[in-house]
1. What are the residues in the range 1-50 that are under 20 Å from GLY66 (Cα atoms) and among the β-branched types (Val, Ile, Thr), if any?
2. If you scan the range 93-123, which residues turn out to be out of contact with any Pro (no Cβ under 8 Å at 6 or more places or on another chain) and aliphatic (A, V, I, L, M)?
3. Could you grab me the full set of residues in the range 20-42 that are touching a residue at least 12 places away in the same chain (Cβ under 8 Å) and of a type in the set (Gly, Ala, Ser)?
4. Could you say whether any residue in the range 6-18 is at pLDDT below 95 and within 15 Å of the chain's Cα centre (by Cα)?
5. So which residues in the range 26-59 are over 18 Å from ARG101 (Cα atoms) and out of contact with any strand residue (DSSP E or B) (no Cβ under 7 Å at 6 or more places or on another chain)?
6. Can we say TYR80 is more than 18 Å from VAL5 (Cα to Cα), surrounded by 15 or more Cβ atoms within 10 Å (Cβ to Cβ) and not hydrophobic (A, V, I, L, M, F, W, C)?
7. Name the single residue that is surrounded by the fewest Cβ atoms within 10 Å (Cβ to Cβ) among those in the range 10-34 being closer than 11 Å to GLY114 by Cβ and not hydroxyl-bearing (Ser, Thr, Tyr).
8. Search the range 46-73 for residues being of a type in the set (Lys, Arg) and surrounded by 15 or more Cβ atoms within 10 Å (Cβ to Cβ), and hand back the single one that is farthest from the chain's Cα centre (by Cα).
Amino acid sequence: QVQLVESGGGLVQAGGSLRLSCAASGRTFSSYGMGWFRQAPGKEREFVAAVSWGGTNTYYADSVKGRFTISRDNAKNTVYLQMNSLKPEDTAIYYCAATRRLIATAGNAYDSWGQGTQVTVSS
């Protein structure tokens, strides 16, 4: 397993941008598919975005497609989530996760999770 630490959350107005980062420990980061999930109060956790080992393949939830971009820097053991055109409904705790699969959208495919970072979008 890898240890994951998210950062970059905060309060932003609707239409604004934030970039989340997730730093991973370990020497095998490039062998993990990485994903971002989020959970809003009173709602179930939902998939946001995923990126494959080398960063070539990406998946997005329909709700964020065209606004969010996931990327990774294997030299820095870090995965990013650039969030643009933020909406109040994007308000949630955002979690970074790692899977041994090439890439995955299901939460139960992920083995390691970070502690989460709060994103709040005001209207």
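The values are calculated or read from the model by the stated rules, or taken from the named source; none is laboratory data. All of these numbers come straight from a predicted model, not from anything done at the bench. Cβ placement follows ideal geometry from the backbone for every residue including glycine, while neighbour counts extend to all protein chains displayed. For the accessible areas, the whole protein counts, side chains as well, though only heavy atoms, and no ligand, DNA or RNA atoms are used. Shrake-Rupley method; radii C 1.70, N 1.55, O 1.52, S 1.80 Å.
1. VAL12, VAL48
2. Residues satisfying the conditions are ILE93, ALA97, ALA98, LEU102, ILE103, ALA104, ALA106, ALA109, VAL119.
3. Those that are touching a residue at least 12 places away in the same chain (Cβ under 8 Å) and of a type in the set (Gly, Ala, Ser): SER21, ALA23, ALA24, SER25, GLY26, SER30, SER31, GLY33, GLY35, ALA40.
4. Of the range 6-18, the ones at pLDDT below 95 are none.
Taking every residue of the range 6-18 in turn, none turns out to be at pLDDT below 95 and within 15 Å of the chain's Cα centre (by Cα).
5. Within the range 26-59, the subset over 18 Å from ARG101 (Cα atoms) is 38-46.
Matches in the range 26-59: PRO41, GLY42, LYS43, GLU44.
6. No; evaluated as a whole, the condition is false for this residue.
7. Taking the candidates together, the pick is ALA23.
8. ARG67
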